[in-house]
Amino acid sequence: MALSTIGTNSIADDAVTSAKATGFGKIGQVVHNNSTSKFSTNSTSYATIFTPTAITPSSTSSKILVSWYCSTAVVTNSTNLGHIVVQRDIGGSTAYILNSGHNSSMFTFKADLDHQGYGLAFEFEDSPNTTSAVIYRVQHKVDNTDMTMYMNQNVAGQGGYMFMTTKEVLA
């Protein structure tokens, strides 16, 4: 069978109604939030960093791809650590996700002798199974109050840029 080529100018605009391909993980929506605000803590309880980002999935089968970036620094004279987790809130019901590491945290940080800040980025896919608003919060804490964890800045107070982007991946 011979192949034929039809130019796009030969196809009527109303002849193509929708794409037939499925299953490619199309992006349904994107919510982006950024900040130059600086955060620090010497608390042993988790505190929210950054303005939470909310996204409302269009289907219960949708997945949410969450991307986050921030600079961080930890100052301590001990072997203790700073910790980061992600909290998900659906209709007032909160749960920590990606928190299976040391001290139930997603990431742990130890002090650098030069007290420099480091870039931290992560991306993960979540399956919230809802069409209600889903709020993602990044939180941080330290092992003891004799240390300080700095987010979006180094210990000299030089700030950075942080962001969170959530994308609905359609089923």
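Where a number appears in this text, it was derived from the coordinates with a stated rule and is not lab data. Fair warning: this is a prediction, and the values are worked out from it, not measured in the lab. Backbone-built Cβ (ideal geometry, glycine too); neighbour counts: all protein chains shown.
Label separation (Thr94 vs Ala156): 3.5 nm, computed from points 7 Å beyond Cα along the C-beta direction. Length available on full extension from Thr60 to Asn33: 0.36 nm per residue minus the Cα-Cα distance, which gives 7.4 nm.
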